[in-house]
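One structure is given below, encoded as structure tokens.
The values are calculated or read from the model by the stated rules, or taken from the named source; none is laboratory data. In this text the structure is predicted, and so the values were computed from the model without any measurement. Heads up, the Cβs are rebuilt from the backbone with ideal geometry, glycines too, and the neighbour counts pull from every protein chain shown.
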Amino acid sequence: MPDESKAGLTGVDRRDTFIKTKTRLVAVPAVPTIQLFTADEATELWEQTEAEMGRIGLPPPFWAFPWAGGQALAAYLTQHPEVVRGRSVLDVASGSGLVAIAAARAGAFRVWANDIDLFAQAAARLNAVANGVGVELLPGDRVGTDDGWDVVLAGDVSYERDMATHLLDWLEALHRRGALVLLGDPGRSYLPRDRLIEIASYEVPVTRALEDADVKRSAVLRFR
């Protein structure tokens, strides 16, 4: 386990300091009214994260970049604020908190950002503060739970088979009980297209080092 007492700082303090010193606030390409603490390079940041926390095997720093699916969802909410206005919203696998922030800016009554990664939780909180909105953190694996959310949002959750299987059956169950469930995805390998309907698409600027492209077509989808 990492030594959280280093220099008299708690783990939360160390994560906050790390994020603020290793990234910089940058406007999101698809939603430039939102800024996120963003890294310039993923692999180097990942190595620095493990060195700082004294622990090997930490999750990749997904929280440090605005991914294509999340950008599409954020753009959609910005253009269609009525989707979340006055409603309770859960952003699943929130990462940077981009989608949660977009929902809060669109007038959602209450917004939760959920992620199992402690660095993602810290990044979502810092990014929400930087954008002047209130977002509540919901830590841990929430798959299988249901707190009655009106809207459930999930960006880029279909890039690994196990993760997609873990999440998508639960998300579809929430849809069937009456929640509005929206996915943002640029065509990841394990996206179950036969179970979904595309409702919008965007040409999203992305980081070539992460996506092997400068622009990706990313869709917003709902369950059938």
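Values as computed for the structure displayed
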item: Options 122, 113; residue that is assigned to a helix (DSSP H, G or I), of a type outside the set (Val, Ile, Thr) and buried (at least 16 other Cβ atoms within 10 Å of the Cβ); result: 122
item: Number of the exception - residue 207 against (1) surrounded by 13 or more Cβ atoms within 10 Å (Cβ to Cβ); (2) more than 17 Å from the chain's Cα centre (by Cα); (3) of a type outside the set (A, V, I, L, M); result: (2)
item: Test: residue 166 is part of a helix (DSSP H, G or I), of a type outside the set (Gly, Ala, Ser) and modelled with pLDDT under 95; result: yes
item: Sole residue being modelled with pLDDT of 85 or more and farther than 22 Å from residue 215 by Cβ, chosen from 22, 6; result: 22
item: Selected residue (only one of 188, 222 is surrounded by 13 or more Cβ atoms within 10 Å (Cβ to Cβ), assigned to a loop (DSSP other than H, G, I, E, B) and touching a residue at least 40 places away in the same chain (Cβ under 8 Å)); result: 188
item: Qualifying residues in the stretch 197-212 (those that are in contact with a helix residue (DSSP H, G or I) (Cβ under 9 Å, 6 or more places away or on another chain) and at pLDDT 90 or above) - the one nearest to residue 150 (Cα to Cα); result: 199
item: Every pair of residues 6+ apart whose Cβ atoms lie under 6 Å, when the first sits in the stretch 166-183 and is within 17 Å of residue 99 (Cβ to Cβ) while the second is of a type in the set (Gly, Ala, Ser) and buried (at least 20 other Cβ atoms within 10 Å of the Cβ); result: 183/154
item: Residue within the stretch 194-204 that is of a type in the set (S, T, N, Q) and part of a strand (DSSP E or B) present; result: yes
